[in-house]
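Remarks on the structure that follows.
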Amino acid sequence: MLASIVLGAVIGIGCGVVSGLVPGIHANTVAGVLLSLQALLLVWFDPVVLASAMFSTLVTHTFIDNVPSTFLGIPDADTSLAVLPAHALCLEGRGEEAVRISALGSAAGVALSLPLALAFVLALPALQPAIDWGIGLVILAVAGYLIVVSESPGWALAVFSVSGLLGLFSLGYSFLAWPTGGESGVLMPLLSGLFGIAVLLKASHGVMPEQRFTGIDLSAGAVRRGSLLGSAAGALVGWLPGLSSATANALLTSVIGYDSNPREYILATSAANTVNAFLGLAAFYAISRTRSGVMAAIGALEEVPPATAILLAGAIAAVGAYLLTLLLSRAAWWFSGINVTKINHGVIIFVALLSLFLCGPFGGLVLLLATAVGYVPTLVNIRRVYCMGAIMVPVMVYSFGIA
């Protein structure tokens with residue numbers, strides 16, 4: 001059993017590095033591929049290897065996905081808001097610091113996942129019906145609070161509402177997209193337009209400053225606070241139905257401003273992403289709910305391994321992913337002196353082509369509409385967090401049973 005767990009973790013680390021570094025590929029995609037090859041792979045490997053590889057891919061992805069977000073400004077579904085302060089630090093010459101802070105947050109999330117999972121498994125299954133009913137109200141309350149405290153509540157409400165309608169349209173008509181990107185593939189053009197291209201169009205020009213690392217500029221108190229808040233948010237969205245790491249990022253902005261406390265926000269969102277993965281596993285075994293494509297793939301295996309085996313694989317993957325993330329952070333010097341304008345234009349072209357490849361013409365339409373909506377906060381001088389209506393409104397509609 002131990003040999004199978006280790007082998008699965010090693011395979012998952014390799015797959016997670018690929019999914020984390022290549023925009024448009026998610027751990028869910030990898031899990032779907034492994035599941036489709038199940039009959040062939042089970043000839044050589046037992047189900048423990050496959051399940052361990054799937055979950056290890058997800059854990060590794062939560063560490064690695066901040067690398068392209070930081071250096072290129074390309075978000076995925078888990079780093080949509082975190083990309084803003086991380087890429088901003090890179091433009092200040094502190095890209096390596098941003099990646100290392102992200103790795104530290106994910107590592108803290110792993111350490112806090114087990115006690116949080118144990119507490120949730122013991123306390124929440126009996127309350128699950130009430131939780132399922134009330135989650136929409138929680139999201140509505142958070143959204144209302146964010147809008148009320150905005151610099152311009154009117155514009156904040158308008159951006160939140162329009163982005164919410166765009167999210168409902170994109171997800172409701174996702175069947176028009178090509179199947180290349182999978183069921184959630186439409187999230188790629190949606191979030192890339194809101195938080196990627198819209199930002200790059202207004203980004204600074206000139207050359208990338210010299211990348212230098214002089215340590216992590218975070219106090220011990222900020223590390224503790226960010227780790228605890230991020231882990232709590234990650235546990236919340238990992239257990240509750242219909243929520244994702246992107247929702248956790250939005251919730252954290254009500255406590256930690258990504259513009260006023262960028263480093264703590266990066267740490268907190270990274271912790272949330274990793275805890276979300278582990279709590280999703282806990283929800284799968286405790287109440288038989290699948291919170292991600294990876295959990296759905298594990299549940300579809302011919303034989304589902306015990307939770308302890310998959311948890312051990314995830315812990316092994318976390319150690320390997322942490323070390324690899326630190327290694328990749330040293331690549332920051334490659335970007336010193338590079339023409340920022342050319343990078344931005346190259347990223348915009350790449351994202352547009354990737355959206356068309358994954359989702360076809362519908363993906364191109366979603367990307368265009370999302371970019372237009374995402375450009376509005378810059379024009380009216382409000383925070384971009386209100387574009388998270390694209391995720392939060394569909395979750396509320398789902399929770400209230402409207403769709």
Notebook entry, point to check: Which residue pairs have Cβ atoms closer than 7 Å, lie 6 or more positions apart in sequence or on different chains, and pair a first residue in segment 28-49 that is within 22 Å of Ala307 (Cα to Cα) and touching a residue at least 12 places away in the same chain (Cβ under 8 Å) with a second residue that is outside any helix (DSSP H, G or I) and of a type in the set (A, V, I, L, M, F, W, C)?
Noted result: Leu35/Ala300; Gln38/Leu301; Pro47/Leu301; Val48/Met1
Checklist line | Leu365 part of a helix (DSSP H, G or I), farther than 15 Å from Leu187 by Cβ and without any contact (Cβ under 8 Å) to a residue 12 or more places away in the chain | finding: no
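Per-residue answers, yes or no, for (1) assigned to a helix (DSSP H, G or I); (2) in contact (Cβ under 8 Å) with a residue 40 or more places away in the chain; (3) over 21 Å from Ser19 (Cβ atoms):
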residue: Tyr265; (1), (2), (3): yes, yes, yes
residue: Ala272; (1), (2), (3): yes, yes, no
residue: Ala277; (1), (2), (3): yes, yes, no
residue: Ala282; (1), (2), (3): yes, yes, yes
residue: Arg289; (1), (2), (3): no, yes, yes
residue: Val294; (1), (2), (3): yes, yes, no
residue: Ile298; (1), (2), (3): yes, yes, no
residue: Tyr322; (1), (2), (3): yes, yes, no
residue: Leu326; (1), (2), (3): yes, yes, no
Check: Of the conditions (1) crowded, with 18+ Cβ neighbours inside 10 Å; (2) within 24 Å of Leu354 (Cα to Cα), Gly8 fails just one. Which one is it?
Finding: (2)
Next item on the list: Please enumerate the residues belonging to segment 260-308 that are open to solvent by 50 Å² or more (accessible area, probe 1.4 Å) and over 18 Å from the mean Cα position of the chain (by Cα).
Entry: Ser260, Asn261, Tyr285, Ser288, Arg289, Ala300, Glu302, Glu303, Val304, Pro306, Thr308
Margin query: Going residue by residue through segment 337-344, is there one that turns out to be at pLDDT 80 or above, surrounded by 15 or more Cβ atoms within 10 Å (Cβ to Cβ) and over 20 Å from the mean Cα position of the chain (by Cα)?
Written below: no
Next item on the list: Go through segment 114-123 and count every residue that is crowded, with 17+ Cβ neighbours inside 10 Å and over 18 Å from Arg225 (Cβ atoms).
Entry: 3
Notebook entry, point to check: Quick one: how many residues across segment 159-173 are open to solvent by 40 Å² or more (accessible area, probe 1.4 Å) and assigned to a helix (DSSP H, G or I)?
Noted result: 7
Checklist line | segment 174-189, residues that are within 19 Å of the chain's Cα centre (by Cα), assigned to a helix (DSSP H, G or I) and of a type in the set (A, V, I, L, M) | finding: Leu187, Met188
Next item on the list: State all residues of segment 381-403 that are exposed (fewer than 15 other Cβ atoms within 10 Å of the Cβ) and of a type outside the set (Gly, Ala, Ser); if no residue qualifies, say none.
Entry: Asn381, Phe400, Ile402
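The values are calculated or read from the model by the stated rules, or taken from the named source; none is laboratory data. As the structure is a prediction and not an experimental result, all values here were calculated from the model. Methodologically, a virtual Cβ is constructed for each residue, glycine included, from the backbone with ideal geometry; neighbour enumeration extends over all protein chains shown. These accessible areas exclude ligands, DNA and RNA; they are computed on the full protein's heavy atoms, side chains included. Shrake-Rupley method; radii C 1.70, N 1.55, O 1.52, S 1.80 Å.
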